[in-house]
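Novice: Attaching a single structure in structure tokens format; questions to follow.
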Amino acid sequence: MKQINRVDNGGRINRHKTLVFTFNNKTYQGFEGDTLASALLANGVDVVGRSFKYSRPRGIVTADAQEPNAIFQVGSSQATTIPNPRATQTELYKNLECHSTNGWPNVDFDLMGTVGKIGGAAMPPGFYYKTFMFPQSMWMSYEKIIRKGAGLGCSPQLPDPDSYDKLHHHCDVMIVGAGPAGLSAALSAARAGARVIIADEQNELGGSLLCTRQLLDGQAAQVWIDKTISELAQNKNVILLPRSTVFGYFDHNYIGINERRSDHLGEVDHNGTRQRLHKVRAKQVILATGAHERPLVYGNNDVPGCMLASAVSTYINRYGVVPGKTLALMTTNDYAYKAALDWHDAGRKVALIVDTRASSDGDMVKEAMQRGINIVFGHAIIDVKGSKRVKSVEVAKLNDSADKVLGSSVNYVCDTVASSGGWSPVIHLSSHTGSRPVWRDDIQGFVPGETVQAQHVCGGLQGVYNLSQTLKDGFSCGAVAAQEACKGHGNDHDDDLNVVPQIDELSESASMALFHIPHFKPTSRAPKQFVDYQNDVTAAGIEMANREGFESIEHVKRYTALGFGTDQGKLGNINGMAVTAKSLGKTIPETGTTIFRPMYTPVTFGALAGSDVKQLFDPARFTAMHSWHLAQGAEFEDVGQWKRPWYFPQPGETMQQSLQRECLATRNSVGILDASTLGKIDIQGKDAREFLNRIYTNPWSQLAPGRCRYGVMCKEDGMVFDDGVTSCIDDNRFLMTTTTGGAPGVLAWLELWHQTEWPELEVYFSTVTDHWATMTISGPNSRKVLEKITSADVSNEAFPYMGWIPAEVAGVKARIFRISFTGELSFEINVQANYGLHTWEAVIAAGEEFNITPYGTETMHILRAEKGFIIIGQDTDGSVTPQDLDMNWVVGKKKEFSYLGKRSWTRIDNQRSDRKQLVGLKPKDPNFVLPEGAQIVFEKGQAIPMTMVGHVTSSYFSACLGYSFALAVVKGGIDRKGQSVFLPLADGTTVEAEICSSVFYDPKGERQNV
Amino acid sequence: MSNSARVESPLEHADFAGLAALKINGGVILREAKLLGHLNLRGNANDPDFLKGVKSALDLDLPLAPCSSAQNANTTIMWLSPDEWLVIVDGVTEAAIEGKLRQSLRGHFAVSDISGAQTMLEISGKDCLQLLQKSIGYDLHLDSFPINKVIGTALAKSSAHIRRTGEYNFQLIIRRSFADYIWLWLQQSSKEYGLSVTL
């Protein structure tokens, strides 16, 4: 298979390593070192996609990040496919498989082509606003067609097989771009002793030096590059990052870099990290991002074969690919002559050079003349003929102000048109931090404006294009940045080391400010002159937007979709502004600028997710007894980040059967619960008791050492936000327990009040949640189990309800608490967590004769609900006071100092008698379990919208009671006990239930106090 | 506690003994310094009696500079915040040391035994810095993170106190309930360097 456009030698490719790849199911060959774009050009592939609106065939235009057309779907499987990488930045690897993203279903015969052509007329600028908004209900239908035609690419449908990760860095000087400016800045900064990181998006460092014709100190640029990289690589303070795109520049000199570590090696990386996200915090940032060449806007400038002049040079010099047979070059400047000279050097024909200027006597112009290349000054290419490839161009004379063409046009046969309208500094990153770019007439481009960041710019980014000047600029910029960053601790270095090599600079004549090439016809009737290829935005479209009153460039952008593609207007935005300026009779700076935002080029989600995927997506927290639960086949429930046993199914059981078994075993004999996840806070200090008085609603002054008390906490608004049992260890020490999910919030709450309001109270808080493993044995036989493994006296007389004792359990130092969340006789055994599993197994062994039954959170929920015990966050929602919960008994009446929440209860709204209050509900059908969240109404037949008076907060079937029951909040519910309410359900049926006390089981509390 | 009581670190299930037996030659070396005594100490650093009391109980001056640490043969003290220190002592001695502290200290202070709440991982090896670069946002350069410095920081999606004990040696104090997550994280993040576990 012949690569028809590959020249015999030259380029930075490895001709010994042929790589086979497929594009739209056709097989081609390229070489190692190729990009996908250079390989396609080498094979003479002209059409790589179809345009969005008009479905016109499109070819490769650039050799860099600006590429609007060669946007592919790369990858052979649903797991590895990547939408929209630019072929110009995709390194070729063996067996690469890719497809056009545009051009559904086929780039060469495009069904959308017909639609597009009709659609084109029907899709004027502002199409979305004009069409899709009316009627709005049709948007969903429009969207399906538009999405399909739009070629936005497809997301992978299967999990990514590759690994990604992130790396944090801190450095003195972060340099973005490793062209001549960046490399020289790196040299001088590193020589000054700074910690330097230099990143470049290309596979090789060197930037424009990689295809320059200029000699440095009489030698090829490569010699200087090699010497420089070798010096930097040997410096342990320098990190070199090739294939690394700086995609974002954020506040405080925080830089995001996407390093593609193995994208160039193949589709899947089985061994290492495919992409790495570097997060850099830099003291100083040097932007050396260079400049992008601007195309000119002329008729049919999107026909495949129309390219940027610099891209033509790059393909020839760097990849040994001449992307055509006969070249026509249109330029406003001397620099672009290089493309014609390179083309000529490659042995192919240059049809003519069309120079829009009246004359030039620059060195390259002279050289072109000497070679006998036909140069036409004061002319422009006004139109291109051809559809899937350039066939010829129409050249016409420009008037003096270059806003009109004169006479008639002459046709020249060629298959490639290179154009250059000058260079635009790559200001994207400096824009990210909010810096407004500033227009400079002398370089016809925007440069970074004022910034609040510790930022420096050098080289092409500030319009310095002469190589000697660029190197000099880089050296001094690096030295200054290093000095700023290393104030006081840098090296005493010798500036004399930073020598700019001797370079014979070419003389250049001034370039011309020209963006939009006029045509004989007005723009609206001229052949289409594309400004933004990806969104098919034409000069005519922009002029129309201006005529319709959209004059601010931000409005023009939104109206025409200029700059809205995946290329974010890199290629077209400046030209779009120029067209707007021209049509409004303003200057470009008067027209305004657009600000670029991150990402500079798209970054895969894989890189952004890094290693935080699958089991590392969110930490799972485990108790000391987790392995036991796993061995027992427990089902788990997520409570915060904790994995708590939900229930312990036995073989063949349904969940409901497990719950019934667990509930009955606990009520009738003994059950065991892993309660380690409850928050525990060790409170110490002589004012601990007073602190509790202020933070809890109930009083703590009388709680004696060895005793425990249930408490409720409210926020300032009087609403309950956490609850738990707090025990008095000694007069200066209490152990507070909190809900599992509330633990960190409660600790922060205590610290907040202590540190900001009551710093005079002598009290310290320490979390001891993880220190204790907690197991609750509950049920009439729990004392018998405990007695087998402790010598402590745990009789009701020696160890009454709501007390705690230190004891040894199963040979382990423990604290036993007689508190109960089930309403049964219960003992909560706490041991140091490293002994948790040992103790748990000892309790299980001791309980065997009583059929001790492990139960999970669901049975715990049922048993507590039977007793009317609330769960914060389930039965409360941040709008519930203790009074609403019918818990006036937990509200202190005589505390000396006020306490949190108290004052808010006197608010009128909190004293309404029709507040939603916690009650029990008994469904009329004793087997029907009300859905949690079901809305409650007082009247059955009311028309929708019905008057909703509350909702179900907890609902279960009780095996112990033999019927279903629920907790609910109902307006004025406490005084409505015995009345019926109705629950209209989602399926259209309505269920009746009776309001009752929230305590269903053992209302006198006799079972827990034995 | 009786000798029959079985004690297990939060990473018992990781089977470090089995992994150590593999004798992998990795760029990252990990060891669990397990079952040590961990005491959380709170007090007023401006109170000379408090400083004296600590010194007499631990035979070690309380480190007062932010992020500093102090160490002698049996005890390490890490500064956690202006009024909070972590005291690490040999396993099973923590109750006795807590008692000593309570005896020597007067006034307002707090001591909490948190030996069950956390464990210590020791990380070393030529690639341990890269492993930490993946895990924490702190600057690991010796100028900003010198030997004996202690930092409290986010480690992946959990947290840790990290003390540097050598150019390539770090102690990580991690919470029990997050230990498995961090162990998974460290395995994933050291994959490319090779991870060798030692005892």
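The values are calculated or read from the model by the stated rules, or taken from the named source; none is laboratory data. The model shown is predicted, which means the values in this text are computed figures rather than measured ones. Reconstructed Cβ throughout: ideal geometry from the backbone, glycine too, with neighbour counts over all protein chains shown. In case anyone asks, the SASA skips ligands and DNA or RNA and just uses the protein heavy atoms, side chains included. Shrake-Rupley method; radii C 1.70, N 1.55, O 1.52, S 1.80 Å.
Novice: Being within 20 Å of A:Met860 (Cα to Cα) and either open to solvent by 10 Å² or more (accessible area, probe 1.4 Å) or of a type outside the set (Val, Ile, Thr) (or both) is the filter here, so list the residues in the range A:811-835 that pass it.
Specialist: Residues satisfying the conditions are A:Phe817, A:Arg818, A:Ile819, A:Ser820, A:Phe821, A:Gly823, A:Glu824, A:Leu825, A:Ser826, A:Phe827, A:Glu828, A:Asn830.
Novice: Follow-up. Quick one: which residue in A:Pro527, A:Pro522 is without any contact (Cβ under 8 Å) to a residue 24 or more places away in the chain and not assigned by TED's automatic domain parsing to the domain that holds A:Tyr335?
Specialist: Residue meeting the stated conditions: A:Pro522.
Novice: Any residue that is under 45 Å from the mean Cα position of the chain (by Cα) and in a strand (DSSP E or B) - is there at least one of those in the range A:392-400?
Specialist: Taking every residue of the range A:392-400 in turn, none turns out to be under 45 Å from the mean Cα position of the chain (by Cα) and in a strand (DSSP E or B).
Novice: Then there is this: Which fully enclosed strands (runs of 3 or more DSSP E) of the range A:4-107 have 3 or more residues being open to solvent by 10 Å² or more (accessible area, probe 1.4 Å)?
Specialist: A:14-23, A:26-32, A:82-86, A:96-100
Novice: Among the listed residues A:Asp334, A:Asp342, identify the single one that is in contact with a helix residue (DSSP H, G or I) (Cβ under 8 Å, 6 or more places away or on another chain), buried (at least 21 other Cβ atoms within 10 Å of the Cβ) and assigned to a loop (DSSP other than H, G, I, E, B).
Specialist: One residue alone meets the criteria, A:Asp334.
A quick yes/no check of all residues on (1) touching a Lys or Arg at 6+ places or on another chain (Cβ under 6 Å); (2) closer than 20 Å to B:Gly91 by Cα; (3) not small (Gly, Ala, Ser):
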{"position": "B:Ser9", "(1), (2), (3)": "yes, yes, no"}
{"position": "B:Leu22", "(1), (2), (3)": "no, no, yes"}
{"position": "B:Val28", "(1), (2), (3)": "no, no, yes"}
{"position": "B:Leu41", "(1), (2), (3)": "no, yes, yes"}
{"position": "B:Asn44", "(1), (2), (3)": "no, no, yes"}
{"position": "B:Asp47", "(1), (2), (3)": "no, no, yes"}
{"position": "B:Gly53", "(1), (2), (3)": "no, no, no"}
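Novice: While we're looking at this one, here's another question. Restricting to the range A:632-648, give me the number of residues that are crowded, with 20+ Cβ neighbours inside 10 Å, within 14 Å of chain B (Cβ to nearest Cβ) and assigned to a loop (DSSP other than H, G, I, E, B).
Specialist: Going through the range A:632-648 one residue at a time, the tally reaches 0.
Novice: Do we have any residue at all in the range A:678-694 that's surrounded by fewer than 20 Cβ atoms within 10 Å (Cβ to Cβ), farther than 22 Å from A:Gln883 by Cβ, away from chain B (no Cβ under 14 Å) and at pLDDT 95 or above?
Specialist: No: zero hits.
Novice: When you scan the range A:193-219, how many residues do you find that are within 14 Å of chain B (Cβ to nearest Cβ) and open to solvent by less than 40 Å² (accessible area, probe 1.4 Å)?
Specialist: Adding up the residues that qualify gives 4.
Novice: A further question on this structure: Does the range A:885-892 contain any residue that is closer than 29 Å to A:Ser658 by Cα, buried (at least 20 other Cβ atoms within 10 Å of the Cβ) and hydrophobic (A, V, I, L, M, F, W, C)?
Specialist: Within the range A:885-892, not a single residue is closer than 29 Å to A:Ser658 by Cα, buried (at least 20 other Cβ atoms within 10 Å of the Cβ) and hydrophobic (A, V, I, L, M, F, W, C).
Novice: Being at pLDDT 65 or above, open to solvent by 30 Å² or more (accessible area, probe 1.4 Å) and either farther than 30 Å from A:Thr80 by Cβ or away from chain B (no Cβ under 14 Å) (or both): is that true of A:Leu158 here?
Specialist: yes
Novice: If you don't mind, there's one more thing I want to ask. Of the numbered conditions (1) within 14 Å of another protein chain (Cβ to nearest Cβ); (2) open to solvent by 40 Å² or more (accessible area, probe 1.4 Å); (3) of a type outside the set (A, V, I, L, M); (4) over 52 Å from the mean Cα position of the chain (by Cα), A:Thr790 satisfies every one except a single condition; which is it?
Specialist: In the conditions (1) within 14 Å of another protein chain (Cβ to nearest Cβ); (2) open to solvent by 40 Å² or more (accessible area, probe 1.4 Å); (3) of a type outside the set (A, V, I, L, M); (4) over 52 Å from the mean Cα position of the chain (by Cα), A:Thr790 misses (2) alone.
Novice: Restricting to the range B:169-199, and then to whatever is polar (S, T, N, Q) and within 16 Å of B:Gln118 (Cα to Cα), can you tell me which residue is surrounded by the fewest Cβ atoms within 10 Å (Cβ to Cβ)?
Specialist: B:Gln171
Novice: Let me ask something else about it. Scan B:Leu39, B:Leu30 and give me the residue that is away from chain A (no Cβ under 14 Å), of a type in the set (A, V, I, L, M) and out of contact with any Gly (no Cβ under 7 Å at 6 or more places or on another chain).
Specialist: B:Leu30
Novice: Scan the range A:702-712 for residues that are part of a strand (DSSP E or B) and either touching a helix residue (DSSP H, G or I) at 6+ places or on another chain (Cβ under 6 Å) or open to solvent by 60 Å² or more (accessible area, probe 1.4 Å) (or both) and report the count.
Specialist: Qualifying residue count for the region: 3.
Novice: Then there is this: Looking only at the range A:854-873, decide whether some residue is without any contact (Cβ under 8 Å) to a residue 40 or more places away in the chain and either open to solvent by 40 Å² or more (accessible area, probe 1.4 Å) or at positive phi (or both).
Specialist: Scanning the range A:854-873, I find no residue that is without any contact (Cβ under 8 Å) to a residue 40 or more places away in the chain and either open to solvent by 40 Å² or more (accessible area, probe 1.4 Å) or at positive phi (or both), so the answer is no.
Novice: Moving on. Which of the residues belonging to the range A:893-935 are open to solvent by 80 Å² or more (accessible area, probe 1.4 Å) and among the acidic types (Asp, Glu)?
Specialist: Matches in the range A:893-935: A:Glu896, A:Glu932.
Novice: Further, regarding this structure: Quick check on my filter: what residues within the range A:730-740 are open to solvent by 60 Å² or more (accessible area, probe 1.4 Å) and either closer than 26 Å to A:Asp674 by Cβ or not assigned by TED's automatic domain parsing to the domain that holds A:Ile683 (or both)?
Specialist: None; the set is empty.
Novice: How many residues are open to solvent by 70 Å² or more (accessible area, probe 1.4 Å) and at pLDDT 95 or above when one looks only at the range B:1-22?
Specialist: Total meeting the criteria: 6.
Novice: Which one of these is under 30 Å from A:Glu662 (Cα atoms) and within 40 Å of the chain's Cα centre (by Cα): A:Gly873, A:Gly868?
Specialist: That would be A:Gly873, the only listed residue that is under 30 Å from A:Glu662 (Cα atoms) and within 40 Å of the chain's Cα centre (by Cα).
Novice: Could you check A:Ile777 against (1) within 14 Å of chain B (Cβ to nearest Cβ); (2) touching a helix residue (DSSP H, G or I) at 6+ places or on another chain (Cβ under 9 Å) and say which number it fails?
Specialist: With (1) within 14 Å of chain B (Cβ to nearest Cβ); (2) touching a helix residue (DSSP H, G or I) at 6+ places or on another chain (Cβ under 9 Å) applied to A:Ile777, the lone miss is (1).
Novice: I'm trying to understand the selection: among the residues of the range A:266-291, which are surrounded by fewer than 19 Cβ atoms within 10 Å (Cβ to Cβ) and within 13 Å of chain B (Cβ to nearest Cβ)?
Specialist: Within the range A:266-291, A:Asp269, A:His270, A:Asn271, A:Gly272, A:Lys279, A:Arg281 qualify.
Novice: So, one more: Of all the residues that make up the range A:430-447, how many are in a loop (DSSP other than H, G, I, E, B) and either open to solvent by less than 20 Å² (accessible area, probe 1.4 Å) or over 18 Å from A:Met599 (Cα atoms) (or both)?
Specialist: The qualifying residues number 6.
Novice: Follow-up question, since we're still on this one. Look at A:Val417 and say whether it is assigned by TED's automatic domain parsing to the domain that holds A:Cys306, in contact with a Leu (Cβ under 9 Å, 6 or more places away or on another chain) and either open to solvent by 30 Å² or more (accessible area, probe 1.4 Å) or more than 15 Å from A:Asn333 (Cβ to Cβ) (or both).
Specialist: Considered against the rule, which asks whether it is assigned by TED's automatic domain parsing to the domain that holds A:Cys306, in contact with a Leu (Cβ under 9 Å, 6 or more places away or on another chain) and either open to solvent by 30 Å² or more (accessible area, probe 1.4 Å) or more than 15 Å from A:Asn333 (Cβ to Cβ) (or both), A:Val417 comes out as yes.
Novice: Just to be sure I understand, how many residues within the range A:355-371 are outside any loop (DSSP other than H, G, I, E, B) and either closer than 9 Å to A:Tyr337 by Cβ or not polar (S, T, N, Q) (or both)?
Specialist: Within the range A:355-371, residues that are outside any loop (DSSP other than H, G, I, E, B) and either closer than 9 Å to A:Tyr337 by Cβ or not polar (S, T, N, Q) (or both) number 8.
Novice: Which of the residues belonging to the range A:985-1010 are open to solvent by 40 Å² or more (accessible area, probe 1.4 Å) and not acidic (Asp, Glu)?
Specialist: Residues satisfying the conditions are A:Ala986, A:Gly988, A:Thr989, A:Thr990, A:Ser997, A:Val999, A:Pro1003, A:Lys1004, A:Arg1007, A:Asn1009, A:Val1010.
Novice: Looking at B:Phe50, is it within 13 Å of chain A (Cβ to nearest Cβ) and of a type in the set (Phe, Trp, Tyr)?
Specialist: yes
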